[in-house]
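The structure appears below as C-alpha cells.
The values are calculated or read from the model by the stated rules, or taken from the named source; none is laboratory data. This one's a predicted model, so the numbers in the text were calculated from it and none came from an experiment. Counting neighbours? That spans all protein chains shown, and the Cβs are built from the backbone with ideal geometry, glycine included. Ligands, DNA and RNA are stripped out before the accessible areas are found, and what is left, the full protein with its side chains, is counted by its heavy atoms. Shrake-Rupley method; radii C 1.70, N 1.55, O 1.52, S 1.80 Å.
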Amino acid sequence: MDPMQDPDVLQRKLRRLDFLHRLGQSTRPLTDPTDLMATTARLLGEQLGATRCAYADVEADSDRFTIRADWSQPGVPTSAGEYRLALFGSRAVADLRQGRHLVVRDVQAELAEDDGAAMFRAIGIHAIICAGLVKDGRLVAMMAVHQGAPRDWTADDIALVEEVVDRCWAHIERVRAVALLEEQDRNKDVFLATLAHELRNPLAPMRYAAAMLALPDPAQHARAREVIGRQVGLMARLIDDLLDISRVNRGLIVLQRETVDLAVLLERAVEIARAGLEAAGHAFALRLPAGPAPVHGDPARIVQVVANLLNNAGKYTPDGGRVELAAWTEPGLALVEVADTGLGIAPADQERVFQMFAQLPHTAGRAKGGLGIGLALARHLVVLHGGTLTVASEGVGRGSRFRLALPLATGDAAAPVPGAAAPGADALQPPDAAGPGTRVLVVEDNEDSRATLAALLQALGHEVRAVPDGRSALALAPRYAPQLVLLDLGLPDIGGIAVAQQLRAGLMPASSRIVALSGWGTAADRARTRAAGFDDHLVKPVDLARLRQVVAASAGG
Ligand code: ADP
C-alpha cells in the first residue's frame, strides 16, 4: 500500500500537525523567554507522555548550559539550574556540537558510567532524547526529554523534539531581539531628555553674559567674556564626545598614529585637568616612567583618555582629596594608573561604568553635566589602540583606581609631540597686528557667526570683509584680493568646496590662503578639503588660538 494512504501514517501526521498548531497558538502571545520555555516544555512533555521536559540555553562559552524553566510530572523535581555540558560525557558533547542528537533508550544498558549514566541514574532517569540545535556552527540550545523508565523512542518522537527545539529557539531569539530594541529605545529616550537638559544648561549663563555686555562697566565685560568662553568650551566638549561615540559606533574613528613618549602625553593631560583638580582643592601627585615609554598611538586620543580619567577622579572625590597619576613600564606594556580617594565604585558596578550612559546613583550629585559617555568612549579608544582600560575599587567610599595598559612601541624612537595651544590661550590682547593686519574674507551664512567672527578679527587688528554666500564671495574676491579666505563649507547657494575651486582657478592671488570652516573634523573631512585646494581646516566653534595661527600663517601672503 502507498504509505501516504496508510491510515496509520496519516493519523500520526495529523497528530503531529495538530500538536504543532496547538503549540503555536499557546506560545504566540508570549513575550517572556522563560514563559515560552516553560509552556513549550509542558506541551511537549505532555504530548510525549514524558517524565520531564526542559529547554536549555547553551552559553556563549559553549561549555555550560542553563535551564531557566522546565516541566515535569507531579512529584518529579525540576531540573532548572546551570550545568556543565561535560556532564553528558565527551562523546555525547562532541555529537551534540555536531548537531547529532543524544538518544538513549535504556541508560543502564547503553551508557558508560563516565558518559552520564551515573548522573542520570542519580536523578532517576532511564531514557533520554536530547536534541541539540546548531546555528552558524555553534551549539546554541538543547531540548531534553526524560523518561523515568526505559523507553523505545520512535523516529517520530525524535523528529518532533528536533522540530520543537528549532521553533522554540527561533521564537526566543525574536522576543529577545524585541526586548533589546525596546530597552535601547528607552535608554535613548532617557538620553535625549538628559541631553536636551545638558545642552540647555550652558545657555542660561551665556544669555546672562550677553546681557552683562550691555552694561557700561568694563569689569562686567571681562566676567561675561570668561563665562561665555567657559560655557562654549563645555558645550563643545559635550558635542565632540557625542560625535565621537557616534563615529565609534559606525566604525569611523581612524587613529592618527605616531610613536610618542607617553610622559609627554601624560603631562599634556595633566595640563588640561589641573585647573579642575586645583579648584576642588585636591592634592595631586604625578609619577612619570623612569625611562622612555614609547607608544604607537594617536596622541590626541591618548591625552583625551587620560584627561578624562583625571577629570573623573577630580569630580568623584569630595573636595580636599588626593589624586595620583602614576605611569611605569613592564615588558611590552606601558601602564598608567589614575587613583583617587573618592566615592569609589561597588564591585558589582565596576564593569557597568564603561557602558554607554551608565551613571551610578551615589555619584549623581557630582557628575557636573556629564552624560555617562566619557568612560565608554575612553574604553573604545583604548581598545582601538590594542590596550585595556579597567577599574579597581574596594567599594563605595573607598576610592577608585583606573588602569590603562598600552602596548609599548618597538623599533623607531619616540618623536616629539607637536605642541598644542596651552589652555587659557583664549585671551584677546594684544592685537596680532599694529598696522593694517591681514586682509581677511569671511564667508559664512550664519549671521551671528559671521558678525562675531568679523568683529573678533577686526579687534585683533585685521582688515575684514564678510559675506553670507558663495556668489558674493566669488564676486568680491577679485576686487578685494584677500590674503586669507575663511570659508564655511555649508553655504546656501554654492557649496564651499566648489567656491574654493573657483577661487583657486584665478580669482585670487596664488599666494592667498583658503581655510575651511566646518562642523566636521574627521580625517576624511580634512582629506576632502585638502584635496579641494584648502590650506587648512578649522572645526567650529573655532578656538581663538587656532584662529590666530591661521591668520598669522597668511600674513605677508
Ligand atoms: P560622567 O562622568 O559624565 O557621568 P563617565 O562615563 O566618565 O561619565 O563615568 C560614568 C560613571 O562612572 C560616572 O557617572 C560615575 O558614576 C562613575 N565614575 C567614573 N569615574 C569615577 C571615579 N573616579 N570614582 C567614582 N565613580 C566614578
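Evaluate E = 1/(1 + (r/R0)^6) for GLU46 and SER246, where r is the Cβ-Cβ distance and R0 equals 45 Å; express this FRET efficiency to the nearest 0.05. Between GLU46 and SER246 the formula returns 0.30.
In the chain, the longest principal axis of the Cα atoms and the axis of helix 447-459 are about 40 degrees apart. Remark: relative contact order (the chain) = 7 percent; criterion is Cα-Cα distance under 8 angstrom and separation of 6 or more residues. Rounded to whole numbers, the Karplus 3J(HN,Hα) couplings from phi for the stretch 131-141 are 9, x, 10, 10, 10, 6, x, 10, 5, 10, 7 Hz, using 6.51 cos²θ - 1.76 cosθ + 1.60 with θ = phi - 60°, and x at Gly and Pro.
The lysines within cross-link reach of LYS13, meaning a Cα-to-Cα straight distance under 30 Å and a gap of 8 or more places when in the same chain, are LYS135. Once backbone amide H atoms are built at 1.01 Å from N, VAL464 has VAL440 as its partners under 5 Å, excluding neighbours fewer than 5 places away on the same chain. Compared with the dominant principal axis of the Cα atoms in the chain, helix 155-200 is inclined by about 20°.
Placing a pseudo-label 7 Å from each Cα along the Cα-to-Cβ vector at ARG105 and ASN201 gives an inter-label distance of 7.2 nm. With loop membership from DSSP and a limit of 15 other Cβ atoms within 10 Å, the longest segment of the chain without GluC sites (Glu not before Pro) is 60-350. Extending 7 Å from the Cα toward the beta-carbon at both GLN355 and LYS13 defines two label points whose distance is 5.0 nm. When we measure straight from the Cα of LYS188, which aspartates and glutamates land under 20 angstrom away, once same-chain ones fewer than 8 places off are left out? Qualifying aspartates and glutamates at Cα under 20 Å: GLU198, ASP240, ASP241, ASP244. Here's how it looks for LEU491: its modeled amide H is under 5 Å from those of GLY496, which are all 5 or more places away or on a different chain. DSSP bridge analysis restricted to the chain gives an antiparallel fraction near 70%, rounded to the nearest 5. Look at the alpha carbon pairs under 8 Å that are at least 6 residues apart: their mean separation over the length of the stretch 13-179 gives a relative contact order of 21 percent. Straight-line cross-link partners of LYS315 among the lysines, defined as a Cα under 19 Å from its Cα and at least 8 positions apart when in the same chain: LYS368. Probing with 1.4 Å while keeping every protein chain in the model, the per residue accessible area of the chain equals 51 Å².
Note on the chain: with neighbouring protein chains present and a 1.4 Å probe, carbon and sulfur make up 55 percent of its accessible heavy-atom surface. Where Lys and Arg each count +1 and Asp and Glu each count -1, what net charge lies around ALA481 among other residues with Cβ under 15 Å from its Cβ? That works out to +4.
Is the C-alpha gyration tensor of the stretch 481-555 telling us rounded, prolate or oblate? Criteria: a/c under 1.5 is rounded; beyond that, a/b larger than b/c is prolate, otherwise oblate. Oblate shape, in that a/c is at least 1.5 and b/c is the bigger or equal ratio. Placing a label point 7 Å from the Cα of ARG403 along the Cα-to-Cβ direction, none of the residues of the stretch 289-303 has a backbone N under 11 Å of that point. Derived scalar couplings between HN and Hα for the stretch 306-322 equal 5, 4, 4, 5, 5, 4, 4, 4, x, 5, 8, 10, x, 3, x, x, 9 Hz in order, rounded to whole Hz, by the Karplus curve 6.51 cos²θ - 1.76 cosθ + 1.60 (θ = phi - 60°), x for Gly and Pro. Percent relative contact order of the stretch 475-523, based on C-alpha pairs within less than 8 angstrom and at least six residues apart? Relative contact order for the stretch 475-523 comes out at 50 percent.
For LYS135, the residues whose modelled amide H falls within less than 5 Å of its own, excluding neighbours fewer than 5 places apart on the same chain, are VAL140.
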